[in-house]
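Right, one structure below, let's go through it.
The values are calculated or read from the model by the stated rules, or taken from the named source; none is laboratory data. These numbers come from a predicted model, not from an experiment. In this analysis, Cβ positions are derived from the backbone assuming ideal geometry, glycine residues included, and neighbour counts consider all displayed protein chains. Surface areas here come from the heavy atoms of the whole protein model, side chains and all, with no ligands, DNA or RNA. Shrake-Rupley method; radii C 1.70, N 1.55, O 1.52, S 1.80 Å.
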Amino acid sequence: MEVHLEHLTKRWGKVVAVDDLNLEIRSGEFVALLGPSGCGKTTTLLMIAGIYKPTSGYIRFDGRVVNKVPPKDRNVGMVFQSYALYPHMTVYENLTFPLKLKKVPEEEQRRKARRIAEMMGIGHLLDRYPAQLSGGQQQRVALGRALIKEPALLLFDEPLSNLDARLRLTMRAEIKRLQMELGITSIYVTHDQVEAMTLADRIAVMREGRLQAFATPEELYERPRTLFVAGFIGNPPMNFTQVEVIQQDGQYLAVNPDMRLAVDPDRGSRAAGRGRVIMGIRPEHITLARDGEPAHLEAEVYLVEPLGRDDLINARVGKETHLHFLADPALKLRIGDRVRLRVDTSRVQFFDPETEQSLLWS
Amino acid sequence: MDEGALRTGLRPRQMYFLMFLMTLLTLPIVVGYLWIFISTFSRRTHGLIPVDIEGRPFRGLTLENWSFLWQDPNIWKVTLNSLILALGLTVGVVLISAMAGYALSRIRFPGRKGFLALTLILHAFPSVTLLISIYFVLRWLARIPVVGRGLPLIGGIGYNTLGGVILVMVSLQLPLGIWLMKGFFDQIPWDVERAALIDGASRFLVWRKILLPQIKPGIAALSIFTFIAGWNEFLIPYTYMTQQEKSTIATYINSLLSETAPVNYSQVAAVGLFQLLPVLLFFVFTQEYLLSIFSGGMKGGA
Amino acid sequence: MAVIEAERVAVEARPWWRRAWENLRSASGALLFMSPATLLVVVFFFIPVVLIIGISMTNMSTATGFQNWKWVYLENYRRILKHPNTLQVLRNTLMYVALTLAFFNVGMALVIALITTHIPRRAGLLYRALWLLPRLTPSVVYVMMWKYMAADAPYGIINRHILQPLGLATTNLLPIYPWVFVILVNGFIGASFGMVIFTSAIESIPREYLMAALVDGCTPWQRIRHVILPLIRWPLLFVTTYQTLSLLTSFEQILLLTEGQFGTMVWSLWAYERALSNYWGNFQWGFGAALATVLVLIGIVMAVVYMRYFQFEALIQEPKIETL
């Protein structure tokens, strides 16, 4: 099912929760709504589900405006962060509740429940009550309950946030597999950019009720259109420093009192002559220069945070410019060490400090 | 013995003194109940001591006081009435406040805040002051054909009918019920209700199939409390029903007490114990439920 | 796109009647749930409030019947002012409320709450349970216990077990000390309200405060005085005001105990007796309604004040579902 949001707006009194949101979701697509808490992503999802009424704008399912269609007639399935299982019903009763409401014959209910339970690996739990299940099992039941009525649209509201880290990985893979197998259009709300990047075909990044970007994960990572998106996507987050880009000897230099960095002319040329701009460098695009290799920057290790596989290094360039990057723990960098850094300057980003828009992509 | 935070810092002697003091303060209650029990099974009592006709102490134990159970036909009439009153009150209060409590807790509609404020005001408002004008309302309701005073079992809904008494009592208990029910509904997570709506239920179905089963303990507590209130009630039936000895147990006992002939306390105590018995059973077995109503309901949400 | 834009503007700039209609429609779903409660509230609260004020301005009584009454406007209120009993009843009422409140509904409640939280938990629970009994006991039976308590020797409990062994003169104590019994009867019921609230307030005081007080070397009494009481002053205020109103207007126990005889007539019973229940069968609805209206007005004012005080807004959450 295609889902189109047109100028969708939701106000609570004077507070604007969702502001003029436009989104076209293709049939069978898996879209993530990504943003920090309070950005309006869950409100958007609940409007699509029919729980909230839009203040203005339209929601279209396959072209039909559904603003006034009650949730029960929208043919959507939804999975909640809290699982939202009915505590007084067994797993079987939970699964068949949507069918019972549709007055599906008992025999068919049983057949469908068995098939879904098998698919979700909860066949042995049918007689239990939700309180007797682990978090992961509860989420499988919730997913099964959403799928059993064969919805045209699946909605996920941070379904993995309450699970522990290991289980989250398993469930993530499972959701992805199911969605690909069944081909149901899915909208997935999350504040976890890794979840969004791994699951979604396209990600809609939201902030304070507004859509910041709507693109594939690669696109968001490589060509962020706003400062917010650049900072929000990627882990550890992108480094930002204020620089001025000047042209000198046929080179483009990003300059501030702490450093002079020659940048890729393609990119540098777009930021040149604009006065102060914000330069963004992803930590993974900064590496330590090997012996004999020319360095772009010299810095002093300011802080070392061991992450296990890597050390996250906070290095100070000059007086007050700090850059984060990842280093091999085997190198045993210590605070105060002098390091020589190389920057993949063909991948730096530039933003207008006023509008926060990218100077490279629009 | 378990020691709470408050229970530290006292020497044993101080503690025993406190318990002694507490026992002394509670004595009148204990003595009162003791007397009821003793008196019920005695010809008569001198203080707490059972005596026989000649006044010899510790004699005269008898079951004769309970003969009202088979000798006075009115007792079964009033027992049935009290039962109908208590059950009708319970069903009415629980059902109506479960409905209104749900809407006030969970449905967005104009006037919601106003009604909630009103509920709170009515909860604090002393409704007994309205008895005089409610008398007029009931007389007026009695003039409605058939339902006014021509219904089986409850008589009708007007003046001098059991139904009228029930209706008045439901109304008086309603602010408490609504406020409590709203509180119970407030505690159910929204996602559960949203899930049910998306699964295809209407809000009415959600209320009945998903939410009501989840607040069963609250409903039980309110039911017990309301039942006891109905079973005990004296003033409303006394005021709005004309034949005391045929209305409810409470008015029946009062009619026994206000006879011009000297009151036979032992007999009245037996009837009193008869009325008290179900209350005591509830009290012993469902204290926690009752306490939850007292602490939640009395506070009025404060 | 332009069409959609226009439509959006149209939706936002709905005329007032359109909005009113939509409000009404969205209310209709709630109506199903609200209508029984609304109906009862209107019939048994709203109408009676209006009615009682109305009746208080008539001379309606058994003498006039329901047909031949006349509007007398404020005549009944003037009669109250001039009535020979008014001053006495007013004095009685104030005394009854003040003493019951001080000794039982607040005083005894506080004592019980403090003691039962200082003794072993199970014992505390037992005492509190016993104190709940009077409230749960049918009032007729409960008052009968007290009547027997006061009755003359050899029957009455006090006479038989206390006065007689001491060789004191025995008599029915009720007519002699009517106020003592009125206050005891009401007080033993009333104490449980404050008891429950104070107990839960005391038990919800963060333990660190109580521990800290002990560590600082407080005696238990100092701890009560300087830590516990200041921390529960809000519940204290609540119970005091709430119980003032309820004592002011309740009369069931007095009706059962003395029917207002022996000089125990209070305002609410006076109104009730005048309008609905007296020996002579002469019901003065107009005069009784005027007496009751005074209480109704006090009740409305105080109830509204409560609502303001108890942070009404904080108790309300906005519904998080908008569909019906």
Practice item. Could you please state how large a percent of the accessible area of the protein assembly as shown is carbon and sulfur, counting protein chains only and using a 1.4 Å probe? Key: 59
Review point. With every protein chain kept in the model, how would you rank A:Arg145, A:Arg347, A:Arg260 by accessible area, 1.4 Å probe, largest at the top?
Key: A:Arg260, A:Arg347, A:Arg145
Study note, to complete from the structure: Put C:Tyr96, C:Tyr309 in order of accessible area, largest first, probe 1.4 Å, and you get C:Tyr309, C:Tyr96
Point to revise | Between C and B, accessible area buried - total, square angstrom, nearest 100, 1.4 angstrom probe | key: 10600
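Semi-axes of the range A:8-81's equivalent ellipsoid from the Cα gyration tensor, sqrt of 5 times each eigenvalue, largest first, rounded to whole Å? Provide the component values of the computation, followed by the final result.
Numbers: eigenvalues 69, 47, 32 Å².
Rounded to whole Å, the semi-axes are 19, 15, 13.
For the range A:222-362, report the accessible area per residue in Å² (1.4 Å probe, heavy atoms, rounded to an integer). Could the numbers behind the result be given before it?
Working: 7380 Å² over 141 residues.
Averaged over the residues of the range A:222-362, the accessible area is 52 Å².
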Check your understanding: Once amide H atoms are placed 1.01 Å from N in the peptide plane, what residues at a sequence separation of 5 or more from A:Phe30, or on another chain, have their amide H within under 5 Å of its amide H?
Key -> A:Ser186, A:Asp201, A:Arg202
Study note, to complete from the structure: Cα extents of the range A:1-146 along the principal axes, largest first, in whole Å, come to 47, 31, 27
Revision key, fill the gap. At the level of C-alpha centres, the distance separating the range A:127-166 and the range C:98-156, in angstrom, is 53
Practice item. With only alpha-carbon atoms counted, please give the Rg and Dmax of the protein assembly as shown, in Å. Key: 37.5, 131
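Taking Cα pairs under 8 Å and at least six residues apart, what relative contact order does the range C:118-231 come out at, in percent? Don't jump to the answer; show the numbers that get you there.
On the way: 68 pairs, mean separation 23.0, N = 114.
Taking the mean separation of contacting Cα pairs over the length of the range C:118-231, I get 20 percent.
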Review point. Which value, in Å² rounded to 10, gives the accessible area of C:Met95 with a 1.4 Å probe and all protein chains present?
Key: 70
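Could you do me a favour and compute the accessible area per residue for the range B:72-297, 1.4 Å probe, result in Å²?
That works out to 33 Å² for each residue.
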Revision key, fill the gap. Ranked by GNM mean-square fluctuation in chain C (Cα springs under 10 Å), the top entry among C:Val43, C:Val239, C:Val143 is C:Val43
Exercise for review: Using only alpha carbons, build the gyration tensor for the range C:198-244 and give me the equivalent ellipsoid semi-axes, biggest first, whole Å.
Suggested key: 23, 11, 7
Revision key, fill the gap. Connecting every pair of Cα atoms under 10 Å apart in chain C and solving the GNM, the largest mean-square fluctuation among C:Gln253, C:Gln67, C:Gln164 falls on C:Gln67
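I'd like the Kirkwood hydrodynamic radius of the range A:222-331, using the inverse of the mean 1/r over distinct C-alpha pairs, in Å.
Result for the range A:222-331, one decimal place: 15.0 Å.
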**Study point:** Candidate residues B:Phe282, B:Phe274: accessible-area rank, largest first, probe 1.4 Å
**Key:** B:Phe282, B:Phe274
Study note, to complete from the structure: Candidates C:Leu163, C:Leu31, C:Leu126; GNM for chain C (alpha-carbon contacts under 10 Å) flags as most fluctuating C:Leu31
Exercise for review: Sort out the exposed loop trypsin sites (Lys or Arg not before Pro) in chain B (DSSP loop, at most 15 other Cβ within 10 Å) and tell me the longest stretch that has none.
Suggested key: B:144-302
**Study point:** Relative contact order computed over the range B:3-62 (Cα-Cα under 8 Å; 6+ residues apart), in percent
**Key:** 18
Practice item. Identify all lysines with a Cα-Cα distance to C:Lys320 below 18 Å; exclude those on the same chain that are fewer than 8 residues away in sequence. Key: A:Lys10, A:Lys14, A:Lys41, A:Lys53, A:Lys68, A:Lys72, B:Lys113, B:Lys182
Review point. What span do the alpha-carbon atoms of the range B:3-62 cover on each of the three principal axes, reported in whole Å from largest to smallest?
Key: 55, 17, 14
Review point. Can you list residues whose amide H is under 5 Å from A:Met206's amide H, if they're 5+ apart or on another chain and H is modeled 1.01 Å from N?
Key: A:Leu34, A:Gly35, A:Gln212
Exercise for review: Report Rg (one decimal) and Dmax (nearest whole number) for the range B:82-241, counting Cα atoms only, units Å.
Suggested key: 17.3, 51
Point to revise | Interchain or long-range residues, amide H under 5 Å from A:Ala17's placed H | key: A:Lys10, A:Arg11, A:Trp12
Exercise for review: Work out which residues of the range C:151-175 lose at minimum 30 square angstrom of accessible surface when the other protein chains are put back, relative to the chain isolated, with a 1.4 angstrom probe, and list them by number.
Suggested key: C:Pro154, C:Tyr155, C:Ile157, C:Arg160, C:His161
Point to revise | chain A - Rg and Dmax from Cα coordinates, angstrom | key: 24.6, 81
Exercise for review: Could you please state, rounded to a whole Å, how far the C-alpha centre of the range C:221-277 is from the C-alpha centre of the range B:11-26?
Suggested key: 27
Point to revise | Relative contact order for chain A, counting Cα pairs under 8 Å that sit 6 or more residues apart, in percent | key: 15
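Based on the alpha carbons, how large is the Rg to Rh ratio for chain B when Rh follows Kirkwood? Working shown, then result.
Working: Rg = 23.7 Å, Rh = 22.5 Å.
We get a ratio of 1.05 for chain B.
Based on the alpha carbons, how large is the Rg to Rh ratio for the range B:1-144 when Rh follows Kirkwood? Don't skip to the answer; put the middle values down first.
On the way: Rg = 25.9 Å, Rh = 22.2 Å.
Result: Rg/Rh = 1.16.
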